[in-house]
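See structure below.
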Amino acid sequence: MLRVSRSVALLVACGSAVALAGCAHGGGSKPDTAYVARDVSSLYAAAERTMRQQDYETAAKLFDEVERQHPYSTWARHAQIMSAFNYYLAQKYPDAINSAQRYLTIHPGSDEAPYAQYLVAMAYYQQISDVTLDQSTTQQASQAFNELVRRYPESRYAADARLKLDLIQDHLGGKEMAIGRYYERAGQWLAATYRFQSVVDQYQTTSHAPEALERLVECYLALGIPTEAWKASAVLGKNYPETYWYRQSLRLLHKEQDRTHGRAYSTAATAAPAASRARSASKP
């Protein structure tokens, strides 16, 4: 689960202290998020207490109320980041993204800005779909993590962002492979070749690269271009010599070589008697 940063944790602790000092709601009651003018400390305390009760969506709305009713208070900025965090915990990812992005727009240079950007990226990341589905959200997650690394390279979230980017690259490579296999099964060799070559060019550091090269061998052989098949196998052997995919490519190439040589031998054997008969018929 996404962890709240230390400074945000301190905010929660502050909210707890305010709650102990006094609050407009009883401990077991569920807060009303309708607009009712309340002092900032009571409103923030109600939001924090609701979060402790794991009613995260309601807590997020109460934090929104802190910002709405007291936009110029010192609590308003804290409430914005807590709103985004609670929407994330409630799995209301679009709301979490909107809230965190609003925070970044208003407070781009604050100490919590890296965390807000991390929330945006993680909210997209949690929505990544299976490789058989549209990957637009995956691309948005990649962009958000790249933005985090670019703007806040020394932040505590940058290392995890880089790890997530590697996982996203592997996922996107898997999408290309799934499409390529579909085209290959349908006998659409050129379209399949394009997809597998895309994996080799754009996702060469992922786990899909060896299979993509072997699939290129299959497609080139099916297209009748054995020289390109040998080239793909050579790249595979140089970079992944111990893999199943390299051994499989060699099996296919040798099988094709034997078949081609056998066909050439059969053609020559058939042509020899015919040539002999032609020479005999031409003798006077």
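The values are calculated or read from the model by the stated rules, or taken from the named source; none is laboratory data. Predicted model, so just to flag it, every value in this text is computed and none were measured. Backbone-built Cβ (ideal geometry, glycine too); neighbour counts: all protein chains shown. Surface areas here come from the heavy atoms of the whole protein model, side chains and all, with no ligands, DNA or RNA. Shrake-Rupley method; radii C 1.70, N 1.55, O 1.52, S 1.80 Å.
At an R0 of 51 angstrom, the distance between the Cβ atoms of Q53 and L223 translates into a FRET efficiency of 0.20.
The shape of the stretch 120-234 can be summarised by an equivalent ellipsoid whose semi-axes, obtained from the alpha carbon gyration tensor, come to 33, 15, 8 Å from longest to shortest. What's the FRET efficiency of K231 with D130 using the Cβ-Cβ distance as r and R₀ = 51 Å, to the nearest 0.05? Result of the calculation: an efficiency of 0.95.
Using the Cβ-Cβ distance between D258 and Q202 with R0 set to 41 Å, the FRET efficiency works out to roughly 0.75.
Hydrodynamic radius of the stretch 195-239 by the Kirkwood approach over all distinct alpha-carbon pairs: 10.2 Å.
Solvent-accessible area per residue in the stretch 173-235 equals 47 Å², computed with a 1.4 angstrom probe and all protein chains kept.
May I ask you to derive the relative contact order of the stretch 101-155, considering only C-alpha pairs under 8 Å and at least 6 residues apart, and to give it as an integer percent?
33 percent
All other residues with a Cβ under 12 Å from the Cβ of Q127 taken together, and with Lys, Arg as +1 and Asp, Glu as -1, what is their net charge?
Summing Lys and Arg as +1 and Asp and Glu as -1 gives -1.
Split the accessible area of the stretch 123-252 by element, probe 1.4 Å, and carbon with sulfur accounts for 52%. Taking 37 °C and 0.692 mPa s as conditions, the stretch 27-161 diffuses translationally at an estimated 212 µm²/s according to Stokes-Einstein applied to its Kirkwood radius (Cα pairs). Rounded to the nearest 20, the Cβ-based charge dipole of the stretch 124-209 about its Cα centre (Lys and Arg +1, Asp and Glu -1) stands at 40 debye. The slack in the chain from I106 to D160, taken as 0.36 nm per residue of separation less the alpha-carbon distance, amounts to 16.9 nm.
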